[in-house]
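Encoded as structure tokens, the structure appears first; notes follow it.
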Amino acid sequence: MKVITLQRRSINFKSFIPFLSAGLAFVVGAIILYAAGVDPINAYQIMLKGAFGSIRGIADTLVKTTSLLLVGLAVAVAFKCRIWNIGAEGQLYMGALGAALIGITAIGAIPGLALIAVIAVGFAFGGSFGLIPAALKVKFGVNEIIVTVLLNFVVLLFISYLLHGPIKAPGFNPYTPEIFPASQLPIILPHTHLHAGIIIAALAAIAVYILLWKTKIGFEIRSVGANIKAARYAGMNVAKSTFVVMGVSGGLAGVAGAILVSGVQLQLLEGISPGYGFIGVIIALLGRQHPVGVAVVAFFFAALMSGSQVMYRTLGIPSAFADTLQALVLIFVLIGELFTRWKIKTKIIKESGSSAISVK
Amino acid sequence: MIETAVFAMGIVASGVRLSIPILFAALGEQIAERSGVLNLGVEGMMLMGAFTGFIGTYFTGNIFIGLALAISGPALMAALMAFMSVSLRTNQLVAGLAIWLLGVGLTSLLYRLIFGVVTIAPKIREIPPIDIPILSHIPVLGPILFQYDPLVYLAFLLVPLSQIFIFKTNLGLKIRTVGENPKQADALGVDVYRIRYLAVIIGGALAGIGGSYLALVTTGNFLENITAGQGWIALAVVIFGRWKPFWIVCGALIFGMVDAFQLGLQAIGTAVPSEFLLMLPYLLPIAIMAGLYKRSAAPAALAISYQRGER
């Protein structure tokens, strides 16, 4: 009788598989493009050129990297503690709101202080909003996944309300007024849109690394994430970890929102984020909740997004193509993980009975 | 007085309709979770059902082909979910999130590729209510009970049917055993993997019908993210319903009524801004879950993957 067995892989094979899996996602993408009557090779060339072919393209990729790195870090911090924060999108919008409120009022006009306030208030708004699901989880044992997802809708409605009334600029459109120049992030590459936000995002990545791997609370967070029972047994305060993690996670997403206001749009509007918070979930998973991994995936996905924008302008391929590819990359990498952990072997054994998958 | 009564009747009737997508999805998810698989991809599967159901009906003009596609598209996604979470033992939460995001991306991509950028969304003829002779003309009871489309009756029929399926049939017993104690089920000769595949695919198919209701009955067209979180609300309804069909239908109806109520208030006009009324359907599940305070009745092996021969 034929039996499939799985053997543990040697380690060096591991690093290769995710890239192969990601490549397969692009093959599926090519099939979709082909079915839609588009030459996939031409389309991918345009995408690559769009993302890296010009200074403007590279700058745009880096601007998107900024947002994706911050939301990726936000989700990663939470996942590291096994807190499933799917609410980065809402926390991002809260941060954007905080930044806009500073940017259009008196503090936002004070050079120097304004920028610090914009980023800090963005963090505070996003972070405190992240504490709501944390409190519900700790106090009432409510599953944070559903809560964080549903709160995204609540925030979007709240922002929509504010933009149609209390903080609306004069005129017809649901925008806030433009923020004061002192609240705007400086451009660091002349004649492009590349602003100083990328430096903030890089610092945030380093800060997350230090928090998780160089501090006591970071050790506790990782312990709770690895084995909550063992962590409890060791006397660790799970509730404290939950609050810290959700505060930091929401805060980082909030900073992403603040930077979208002060570096990209210069005002708050609906649709300021094209679903960055959800892409952050994929980035955190693919980046294995490590700042370096998250940064690599964020850059890769940013290129995908800016490239697909060019693809939309030249070929009319909808931007949802990038979203689909990102989800496909995640699914293929997850499936590919089987092959990083296990090697499939078939062999004939003489046992009777039902076939089985057994593990050596 | 009469106006209030008419308003209340309207709320009840539209509340029933608004609860249908969630009822289908939650009944399906309940079966998947009973087998020990927490499928977070419900929202994505509902979206896929709305999309494939719409496409099938739009291009063939045949509602039955539409419904068949509304079932098979999401069932295929559910098979992928089962492959990842059951066969490959990918973390169920991660697999579900991936399926959700795939559903969101893929449906809006395919819709745009097929129809391009449109100013007026392509429309199909919605499934009309069945006109039941005599009964539907009874005052008060007629509009509340007997003026719905066939899918409403199917959804409510599924409540006792799924109760019987889960608690009275051999297969239902197997599903429950697999969800409570897969090792024991395995020892008794139940194929744990096969049962979990089956339960997840049934769940996906029902989520698909639920999603398609939005396209085929409620609106007559497909919109990006047309489900607007209803798959997630269905997950909350399963928790509220404690994995029991008769409680799940209550949860779905409460949600539908609140949604209908806030829509009704918007229609007649109140001082409360519409955005705050629109928040109610999202805040309600959170409040309910907080109120249940740790009285969970989840299957013991929920979200735990099973490996044969592992201790």
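List of remarks:
- Within a Gaussian network of chain A (alpha carbon springs, distance under 10 Å), most fluctuating of A:VAL245, A:VAL28, A:VAL329: A:VAL28
- GNM result for chain A, Cα springs below 10 Å: residue of A:PHE19, A:PHE79, A:PHE321 fluctuating most strongly: A:PHE19
- Gyration tensor (alpha-carbon) shape descriptor, the range B:201-283, a/c threshold 1.5: oblate
- Accessible surface of chain B, 1.4 Å probe, proportion on carbon and sulfur as whole %: 69
- When the solvent-accessible area of chain A is split by element, carbon and sulfur atoms take up 68 percent of it, the probe being 1.4 Å.
- The magnitude of the dipole of the range A:19-169, with charges of +1 and -1 set on the Cβ of Lys/Arg and Asp/Glu and taken from the Cα centre, is near 240 debye.
- Residue-by-residue Karplus 3J(HN,Hα) for the range B:93-101, coefficients 6.51, -1.76, 1.60, Hz, glycine and proline x: 5, 5, 4, x, 4, 4, 5, 4, 5
- Set of aspartates and glutamates near A:LYS240 by C-alpha distance (under 16 Å), chain-local residues within fewer than 8 positions excluded: A:GLU144, A:GLU220
- Estimated dipole of the protein assembly as shown in Debye, rounded to 20 [Cβ of Lys and Arg +1, of Asp and Glu -1, Cα centre]: 2840
- Assuming charge only on the beta carbon of Lys and Arg (+1) and of Asp and Glu (-1), the dipole of the range B:1-157 about its Cα centre is about 340 debye to the nearest 20.
- For chain B: span of alpha carbons on each principal axis (Å, largest first): 66, 44, 42
- Under the Karplus curve 6.51 cos²θ - 1.76 cosθ + 1.60, θ = phi - 60°, whole-Hz ³J(HN,Hα) for the range A:269-279, x wherever Gly or Pro sits: 9, 5, x, 5, 10, x, x, 3, x, 7, 5
- Helical contribution to [θ] at 222 nm, DSSP H n ≥ 4, -39,500 (n - 2.57), averaged over chain B, rounded to 500: -23000 deg cm²/dmol
- Calculated [θ] (222 nm, deg cm²/dmol) that DSSP helices of n ≥ 4 give over chain A, each run adding -39,500 (n - 2.57): -22500 deg cm²/dmol
- Chains B and A together bury roughly 4100 Å² of accessible surface, counting both sides and using a 1.4 Å probe on protein heavy atoms.
- Listed residue pairs exceeding 27 Å between alpha carbons, taken from A:LYS80/B:LYS244; B:LYS174/B:LYS244; A:LYS139/B:LYS183; A:LYS137/B:LYS244; A:LYS139/A:LYS216; A:LYS64/A:LYS229: A:LYS80/B:LYS244; A:LYS139/B:LYS183; A:LYS64/A:LYS229
- Remark on A:TYR175: its backbone amide H falls under 5 Å from those of A:ALA169, a criterion applied only to residues 5 or more positions apart or on other chains, H modelled at 1.01 Å from N.
- Whole-Hz ³J(HN,Hα) from phi, Karplus 6.51 cos²θ - 1.76 cosθ + 1.60, for the range A:198-211, glycine and proline x: 4, 5, 4, 5, 5, 4, 4, 4, 5, 4, 5, 4, 4, 4
- Complex-versus-alone comparison for the range A:267-308, residues with a loss of 30 Å² or more in accessible area, probe 1.4 Å: A:PHE278, A:LEU285
- Normalising the average separation of contacting C-alpha pairs (under 8 angstrom, six or more residues apart) by the number of residues puts the relative contact order of the range A:63-294 at 43 percent.
- Shielded by partner chains, the range A:47-90 residues - at least 10 Å² of accessible area, 1.4 Å probe, vs chain alone: A:ARG82, A:TRP84, A:ILE86
- A dipole drawn for the protein assembly as shown from +1 and -1 charges on Cβ atoms has a positive end, and of B:PHE51, B:ILE124, A:ILE132 the residue lying farthest that way is A:ILE132.
- Cα-based shape type of the protein assembly as shown, given that a ≥ b ≥ c are square roots of the gyration tensor eigenvalues and the cut on a/c is 1.5: rounded
- Residues of the range B:213-254 buried by at least 50 Å² on assembly (accessible area, 1.4 Å probe, chain alone as reference): B:TRP232
- Candidates per chymotrypsin sites (Phe, Trp or Tyr not before Pro) in the range A:161-242, loop by DSSP, up to 14 other Cβ within 10 Å: A:PHE172
- Sparse-neighbourhood loop sites, trypsin sites (Lys or Arg not before Pro) in the range A:84-193 - DSSP loop, at most 16 other Cβ within 10 angstrom: A:LYS168
- Heavy-atom accessible area per residue - the protein assembly as shown, 1.4 Å, Å²: 42
The values are calculated or read from the model by the stated rules, or taken from the named source; none is laboratory data. The shown structure was predicted, so the numbers you read here are calculated from the model rather than taken from an experiment. Glycine also receives a Cβ, built like all others from the backbone with ideal geometry; neighbour counts cover every protein chain displayed. Quick note on the areas: whole protein, heavy atoms, side chains included, nothing else; ligands and nucleic acids left out. Shrake-Rupley method; radii C 1.70, N 1.55, O 1.52, S 1.80 Å.
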